[in-house]
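Asks: After the structure tokens below, expect a handful of questions from me.
All of the numbers you see were taken from the coordinates with simple rules; none came from a lab. From a predicted model like this one, the values you see are computed outputs, not experimental measurements. Note that we place each Cβ from the backbone using ideal geometry, even for glycine, and neighbour counts take in every protein chain shown.
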Amino acid sequence: MLSAVLFVLLGVLALPLAVAETLQERIDAIPAGGTLVLEPGTYAGPVTIRKGITLDGQGKATIDGGGRGSVIYLHADGAVIRNLRLTNSGESHNDIDAGIQVRGKFNVIKDNVIDDCLFGLDLQKSENNVVRRNRISSKPVGLGMRGDAIRLWYSFGNKIVDNVIRNSRDTVVWYSKDNLISGNDAQYGRYALHFMYSQYNKVENNIYKHNSVGIFLMYSDSVEIRGNTIENAVGATGIGIGFKETSDVVIANNRVLYNAAGLSLDVSPFQPGTTNRIHDNLLAFNNIAVRFLNGWHGNDFKRNRFKGNLTDVVVSDGGTAKDNDWNGNYWDHYEGFDRNGDGIGDTPFEYYSYADRIWIDIPTAQFFRGSPVLEVLDFLERLAPFSPPEMVLRDNSPILKAEDVL
């Protein structure tokens, strides 16, 4: 009897030990259209998805990239990646080591936490994807060495909505059109949103705070920017919304507050016969509300509210902004009356430039803007200028009340 028991035990011990499946093997075993729900725990990456499957972490599963490459490579159409924590990508900018590299169409990436990844999400030649409600942060390195939170390159028709971004570098949209960027919250980065050679995109209802630059448009025409809040873009290069040779854009119903420059325009619009429509925005408490880098034309300013800015409009090359259309804006510096009570000033609002302002001639002196000494000097220059001031703009119908002025 004893010998029989020993024979059975020895037979069991002689069996090969079962090897646990890797996450990659489990992904490969799921058929197209199937779902893999991960149990709570940490799984080793990187992994590659080549089929339209659903990968669900239930909010309790982590994929750790092991410090090499991207955590997930998505080379499929119609996949869903949700409820995961993706962490510890590689550190190569050349390889764009990311939380997820996307190369496909009609994928949904939602409700994930992507942290300690150089880049967050990288979409290249990818169309009609949805990136929603992800929380994204880069590696804890200097701002210029971080990767981009979301990167679109030659990618069309994507929806980037309701994501929370902290301490990444930029969100970039390059050579990409017909994308929607809506409801995102990006803080403590460099460019909250940077377009280059990208047309027909929509930017709506985002919150961009404490970035070096809020939104910047370079050679990107027919973009609509509506309903965004852009605050505290400060420092020597701080800009709320910037334009570089950009045409036919709509900038409407935005709140642009506490920035070094609220709007910055450089040779915009660039295309002949086009107009940039800048309507119904609140520009408040900025160092400069609107800065033209050169005397230019073709911008239509209507129903904007200028409140509490140190300077409302500056033309850096000493030119004027009179070739733009200014009509029906609210100016808190307006000193006229409304005797007939129609809400429109009886006389035009005229804004002048004084050639001998120290902070314009010496840019480094801008650090002292708002200090008692410079404010007194500015007052004296306006009171008794050394040369006749030049009119920068005229608004023929300034409004005297604005309901939502802070």
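Asks: Kindly express, to the nearest 10 degrees and within the range 0 to 90, the angle between helix 2-14's C-alpha long axis and the longest C-alpha principal axis of the chain.
Replies: 30
Asks: Rounded to two decimals, what is the ratio between the C-alpha radius of gyration of region 48-189 and 2.2 N^0.38 Å?
Replies: 0.92
Asks: Right, here's the next one. For region 174-307, what Kirkwood radius comes out of the mean inverse Cα-Cα distance, in Å?
Replies: 14.2
Asks: If you place +1 on the Cβ of every Lys and Arg and -1 on the Cβ of every Asp and Glu, how big does the dipole about the Cα centre of region 85-235 come out, in debye to the nearest 20?
Replies: Using Cβ point charges on Lys, Arg, Asp and Glu, region 85-235 gives about 200 debye.
Asks: Let me ask something else about it. Tally Lys/Arg at +1 and Asp/Glu at -1 over every other residue whose Cβ is under 15 Å from the Cβ of Val267; what's the total?
Replies: -4
Asks: Then there is this: Compute the long axis of helix 372-383 from its Cα atoms, compare it with the longest principal axis of the Cα atoms of the chain, and write down the angle in degrees, 0 to 90, nearest 10.
Replies: 40
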